[in-house]
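Reviewing the structure listed below.
The values are calculated or read from the model by the stated rules, or taken from the named source; none is laboratory data. Keep in mind it's a predicted model, so treat the numbers as computed, not measured. Every residue, glycine among them, receives a Cβ derived from its backbone with ideal geometry; neighbour counts consider all protein chains shown. For accessibility, only protein heavy atoms count, side chains too; no ligands or nucleic acids. Shrake-Rupley method; radii C 1.70, N 1.55, O 1.52, S 1.80 Å.
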Amino acid sequence: MSERSPVLFNIGWNACINCGACVAICPQPEPFISPFDTISVDRPCDIACMLCESICPVTTIDHVAWEGTLPQSPLNNRSHHT
Amino acid sequence: MSESRFDVVIIGSGPAGSTTARWLAQEGISVLLLDKRQELGAPIQCSGAVSRHALEEVGVPISEEFIQEAIYGFGIYNEAGKCTKIDYRQLKPDEYGAGESQVPLGYVVDRRRFDRYLMTQAERAGVTVQLKTEGIAYQPLDDHYCSVTVRHYNQTQHIKARLVVGADGLMSQVGKWAGLRTHIRINELASCLQFVVDKVPTDGLLEIITGHEWAPGGYAWVFPKGHGYAEIGLGVIPTLTKRDAQWHLKHFMESSFFKKRFSDCRILEVQGGGVPLASPLRTQYADQMILVGDAARHVNPITGGGIHTALSGGYIAARFLTDHLKHDRPTRAADLKAYQDAWLQKLGNKMWKLYEVKTDIFREKDIPTRDKRLFQTMAGYFSPDSEYKKI
């Protein structure tokens, strides 16, 4: 299931219910958490196990391949908060 | 930048953290209780069911401030709607009921009010409480002290303490700081969704609906929520379904034997969470650190219930730490192992047994056989003569 190459997660905030299940299942050894108690969306995940996508009760997490830069998005300009 | 000193810093002011804090403060231990939220208990990630016994056991007064509805028993359903009713108003009418000389079996609580109430109790016992404060890191200093770094309204603070208690829930980061193996397996974390609804009648019972058709790997529930409201929810194990909890909840509400009962319902709130149906953490302590509550995975692996186990675990932790700190003992990992031993003896060993029961059910590959075993186990679990009824 693991895609191996790093990915950047994207969260559809409109459907997110802030349940924290994605953070709970995340196997990253270091905190990989956003200021909104979701998995991080402003840095790449190099494990890419996609368990966070599997556990989401409302299927509102997806991802793109990490291209080395962050896509333009107001919610991705928050690295100083994490 | 400032530095302060406390005997104990507790990160997370849920039921486990507040209970630990209150019982420590009552014994004269100085406690700083932190929570990163601005409103405790929110967003709600819990159905809020707790037994009266669980509250009384740790000295929580039964208060209208947090009770939404009194509970008198259980209705356990199989996948086809066959119900085993365990109504203590009928089983033990002298004791249980709504009359003046009777008591409820338990309650559904409002987690926002409940968590605030527990925090208030801790504060009144002498705990220093600080909201909007996030734990960032901790560093053991020597055999007796550590430094805890937190952020409060964007300001960094350092606190010297004899130990830190991680009570930061299922998303716990505190255990990770010490390198504890906190990772939970995907086949042991239930993905849960629930609606608070209007126009669904209930009768003072916690209703639990088993069956792979409705909630693969978990169960669905209908709980009374007070003021004529109810909550309808379910938890599913992702490895046992290709659909998400949202799809399963819709399927349950529209297609199950309860579809008529739900046909007029109106959704008032949407809540969700991850519920571990897993074993407790094998190691719940490190140098200058212990974990309590969901952070230590003190959750009933059969029911997913975590309030009772959080309250009890917090109380056990406080009793251990009071004695330990009053004797000025060091707080290295080896010194704190006795906390986990005490917890295992009082609660944990039974939870391990429950975990084995649960694991054995889900090892069964044949779905009808598994459904039957889960239904029988649930019905047995809530029966008056269950050996586990006080977990």
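Some notes on this structure:
- Surface analysis of the protein assembly as shown yields an accessible area of 43 Å² per residue, using protein heavy atoms and a 1.4 Å probe.
- Residues in the range B:140-183 occluded by at least 40 Å² - accessible area, probe radius 1.4 Å, against chain by itself: B:Met171, B:Gln173, B:Lys176, B:His183
- By the rule of a C-alpha distance below 24 Å, with chain neighbours fewer than 8 residues away ignored, the lysines paired with B:Lys260 are B:Lys82, B:Lys85, B:Lys199, B:Lys225, B:Lys250.
- Set against the 2.2 N^0.38 Å expectation for a compact globular protein, the range B:129-202 has a Cα radius of gyration ratio of 1.59.
- Cβ-derived FRET efficiency at R0 45 Å, A:Thr69 paired with B:Ser63, nearest 0.05: 0.25
- Among B:His212, B:His327, B:His248: highest mean-square fluctuation, GNM of chain B, C-alpha pairs under 10 Å: B:His327
- Sequence-distant residues sharing a close amide H with B:Gly272 (under 5 Å, placed H): B:Gln194
- Whole-Hz Karplus values for the range A:44-50 come out as x, 9, 8, 7, 6, 7, 6 Hz, taken residue by residue from phi with 6.51 cos²θ - 1.76 cosθ + 1.60 and θ = phi - 60°; glycine and proline positions read x.
- For the range B:56-121, radius of gyration divided by Kirkwood radius, i.e. Rg to Rh on alpha-carbons: 1.08
- Computed over the alpha-carbon pairs of the range B:95-221, the distance histogram in 10 Å steps reads 9, 23, 28, 23, 15, 3 percent, short to long.
- All Cα pairs of chain B, percent lying beyond 30 Å: 39
- Amide H contacts of B:Gln68 (H built 1.01 Å from N, under 5 Å, at least 5 apart or other chain): B:Val108, B:Val109, B:Asp110
- Candidates B:Gly218, B:Gly273, B:Gly12: whichever shows maximal mean-square fluctuation once chain B is modelled as a Gaussian network with Cα springs under 10 Å: B:Gly273
- Over every Cα atom in the protein assembly as shown, the radius of gyration and the widest Cα-Cα span, Dmax, amount to 21.9, 69 Å.
- Only alpha carbons enter this Debye calculation for the range B:1-157, each as an equal point scatterer, and the log10 of I(q)/I(0) it gives at q = 0.09, 0.12, 0.15, 0.16 Å⁻¹ is -0.41, -0.65, -0.86, -0.93.
- Within the shell defined by Cβ-Cβ distances under 15 Å, the residues around B:Cys192 carry a net charge of -2, with Lys and Arg each +1 and Asp and Glu each -1.
- Rounded to whole numbers, the Karplus 3J(HN,Hα) couplings from phi for the range B:311-322 are 4, 5, x, x, 5, 4, 4, 5, 5, 5, 5, 4 Hz, using 6.51 cos²θ - 1.76 cosθ + 1.60 with θ = phi - 60°, and x at Gly and Pro.
- Protein accessible surface hidden between B and A, which excludes ligands and nucleic acids, total in Å², probe 1.4 Å: 1900
- From phi via Karplus (6.51, -1.76, 1.60), per-residue ³J(HN,Hα) for the range B:69-76 in Hz, x at Gly/Pro: 7, 7, 10, 10, x, 9, x, 9
- Under 5 Å between amide hydrogens, built in the peptide plane, is the criterion, and for B:Leu33 it picks out B:Ile10, B:Thr128, B:Val129, B:Gln130 among residues at least 5 positions away or on other chains.
- Measuring with a 1.4 angstrom probe and ignoring ligands and nucleic acids, B:Phe362 comes out at about 50 Å² accessible.
- Ranked from largest to smallest solvent-accessible area, with a 1.4 Å probe on the protein heavy atoms, B:Asp328, B:Asp198 come out as B:Asp328, B:Asp198.
- Carbon-plus-sulfur accessible fraction, the protein assembly as shown (probe radius 1.4 Å, protein heavy atoms only): 48%.
- From the alpha carbon centroid of the range B:27-92 to that of the range B:319-391 is 18 Å.
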